[in-house]
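Novice: One structure follows; several queries about it will come next.
Rule-based calculations on the coordinates, nothing more; no lab input. All of these numbers come straight from a predicted model, not from anything done at the bench. All Cβ positions, even for glycine, are placed from backbone atoms using ideal geometry, and neighbour counts span all protein chains on display.
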Amino acid sequence: MNKRWVSAAAFLISAAFSGAVFADQYRYEVIGEGIGHDRNEAYEAASYDASRKCYLSWGRSTQEQTILIEEQQPDTGYWYVKLTEGCISED
């Protein structure tokens, strides 16, 4: 009878936490690009772009960013930033 109570308790606990506890998590990178008058403005635009792409794919951002390209465009004078941001989604 003790085993029956243990299995019933385990079932109730798993039902209480729904499927979130057992969900698979996928970590991937999204790429954001931005252009601005200065470096900070371009970085903010690229960061926003990456966060938006993560959100639109039903993910949540890890706030981990890696800058891939950061340069001033010689023909326009504008700054260009390309970065990756970590994103996690769950099944």
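Novice: Using amide H atoms built in the peptide plane, which far-off residues or other-chain residues are under 5 Å from Y78 H to H?
Specialist: Distant-sequence amide H within range of Y78: Q73.
Novice: Okay, next question. Calculate the FRET efficiency for Y48 and Y78 from the Cβ-Cβ distance with a Förster distance of 25 Å, rounded to the nearest 0.05.
Specialist: About 0.95, to the nearest 0.05.
Novice: May I ask you to compute the full-extension gain from N40 to T62, defined as 0.36 nm times their residue separation minus their alpha-carbon distance, rounded to one decimal in nm? Walk me through the numbers before you get to the answer.
Specialist: Numbers: separation 22, 0.36 × 22 = 7.92 nm, distance 2.05 nm.
Taking N40 through T62 to full extension adds about 5.9 nm, to one decimal.
Novice: Using a 7 Å offset from the Cα along the Cα-to-Cβ direction at both R4 and E71, what is the distance between the two label points in nm, to one decimal?
Specialist: Inter-label distance under the simple model: 7.3 nm.
Novice: Cβ under 10 Å from V30's Cβ, V30 left aside: what net charge do those residues give with Lys, Arg +1 and Asp, Glu -1?
Specialist: Values: positive: R52, K53; negative: E29, D49, E85.
Taking every Cβ under 10 Å from that of V30, the sum is -1.
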